[in-house]
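The values are calculated or read from the model by the stated rules, or taken from the named source; none is laboratory data. Bear in mind that the values here come from a model prediction, so they are computed numbers and not experimental data. Here Cβ is always computed from backbone atoms with ideal geometry, including for glycine, and neighbour counts include all displayed protein chains.
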Amino acid sequence: MLSNCFELSFIRTLAPTCSIVIFLAQGVPIAGAQDASLDFDGVSGYGICNDAAPIQGSTWESWIRVGELDPSATTSGWVVGWWGWWTATPYRVTGAGELFGPGGYGSPDSDVVLANLAPDSWHHLAATFGGECSPGVNVYLDGQLAWSYGEGEYCPSSWYTVLAAYNYLGWHGFYKGQIDEVRISNTVRYTGAFTPSQRHVVDADTWALWHFDEGSGAQAVDEVAGHVFELNGGFSWSLGIGSDCNGNGIPDDQDISTGASADCDGNGVPDECDVAADPSLDANDNGVLDSCECLVSSYCKSEPNSSGNASLLTHGGSVSVMHNDLSLQANGCPPQEKGVFFYGGAPASLPFGSGTLCVTAGDAAYFRFAPVVTDNEGSALQVLDLSAPTQLSGTITPNSTWYFQFWYTDTCPGRPSGFNFSDALEIQFCQ
């Protein structure tokens, strides 16, 4: 029979030591965390900049995401444009999602629908204007030429730069939807198909670049020379094109809500973007964030006890820290024997008593639960509360791996050691 001294000596062996483990939360890059855009209501929202932007020999470009479509809408909304002797825009979109090329006073009107834009998808628009009074005007949609004009002279001039509407005896042509990354350049940037950049950059040819990352207030300031759009009427701030981290034209939140992209850690970023930003988050390269992988595996062979069985450790519930419903069960033990479930930070394989000690402290310590007694079937159950660890250094966090085992007495005559072990479980906890 196991002596009290022996039992206490093993329990002391499992008692927590003074070693402390500090878990540092790894910073995860969040695509578009500071990326914003302007969302106009199509009724009264607009912006005006009191600086004259270049038109001849220039490129005007922006990202847009049209709002909820109104099939009956026919009025063209101006995305960007100029107000001067001629008030015009390089491209415009109706409330029904119809994309047109230039329009306005003194401009080569495009009355042909270039494309029907689906709601809630981002699109890149660009217009290039040739040199002084050059007839060369080209409009690009998502990097592909959509419209071209090459007849007669075109000599526009500008006093002011406008956003989401135009002014001619009052404000008209209100655009409905989001606008982001407006860049105006002193050069013809595109002469053929190209791949649009989600976030424009400043270079020697940039006259102005508005990222619209302010996220609040009634002004948007350009990155080059501080050109300011004063914002008026019905507008709000929203997530920008930078929140489409996988570049499929659909905002991340919509990808996640429809199930097109997984967001297992709930950080608002598709998992594939997390991994692209930091490949170490998916060490086994299986496309799933390691912090979200709930992995359980048995290891370390257990030895038969006086019941004729070898005790096996199983688990119930999940190994999700958020769900917090994990339980451990040891089966195949002798009935009505004392036992202790315990865990540690590393695996082991050390002959001990009539079995094998499969867990060691590692960089942490041993952590044990309250003693239990096996039932008449030789089983023992332990329900874990991950929110209340027995010791702070034994806190179980997502993406942490711990090793669990069950120690039990075996007081049947002929068992000189008086105790044995189950096999063990290696558990990688997930979010």
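Every listed requirement among (1) touching a Lys or Arg at 6+ places or on another chain (Cβ under 6 Å); (2) touching a residue at least 60 places away in the same chain (Cβ under 8 Å) is met by SER238 save one, (1).
Checking each residue in region 323-349 for being under 37 Å from the mean Cα position of the chain (by Cα) and surrounded by fewer than 17 Cβ atoms within 10 Å (Cβ to Cβ) picks out HIS323, ASN324, ASP325, SER327, ALA346, PRO347. Test SER280 against the criterion of being surrounded by fewer than 19 Cβ atoms within 10 Å (Cβ to Cβ), part of a strand (DSSP E or B) and not charged (D, E, K, R), and give yes or no. Taking the combined requirement at face value, the residue does not satisfy it.
Test of understanding: among CYS294, CYS300, which residue is over 14 Å from the mean Cα position of the chain (by Cα), at positive phi and surrounded by 15 or more Cβ atoms within 10 Å (Cβ to Cβ)? So that I can check it myself, show each step before the final result.
Details: CYS294 fails: at positive phi.
After applying the criteria, what remains is CYS300.
Restricting to region 256-273, count the residues that are of a type in the set (D, E, K, R) and part of a helix (DSSP H, G or I). Result for region 256-273: 2. No other residue among GLY378, GLY362, GLY418 is modelled with pLDDT of 95 or more, on the phi > 0 side of the Ramachandran plot, surrounded by 15 or more Cβ atoms within 10 Å (Cβ to Cβ) and in the same structural domain as GLU337 (by TED's automatic domain parsing) apart from GLY378.
Restricting to region 170-197, name every residue that is more than 22 Å from PHE235 (Cβ to Cβ) and not small (Gly, Ala, Ser). Walk me through it before giving the result.
So the first thing to find is which residues in region 170-197 are more than 22 Å from PHE235 (Cβ to Cβ), and the list is 185-197.
Passing the criteria: ASN186, THR187, VAL188, ARG189, TYR190, THR191, PHE194, THR195, PRO196.
Against the definition (touching a Leu at 6+ places or on another chain (Cβ under 8 Å), crowded, with 20+ Cβ neighbours inside 10 Å and assigned by TED's automatic domain parsing to the domain that holds ARG415), how does LEU289 come out, yes or no? So LEU289 does not fit the description; no. Of all residues in region 168-194, those being more than 20 Å from ALA73 (Cβ to Cβ) and among the basic types (Lys, Arg) number 2. When region 180-202 is limited to residues that are farther than 24 Å from SER148 by Cβ and in contact (Cβ under 8 Å) with a residue 12 or more places away in the chain, the one that is surrounded by the most Cβ atoms within 10 Å (Cβ to Cβ) turns out to be ASP180.
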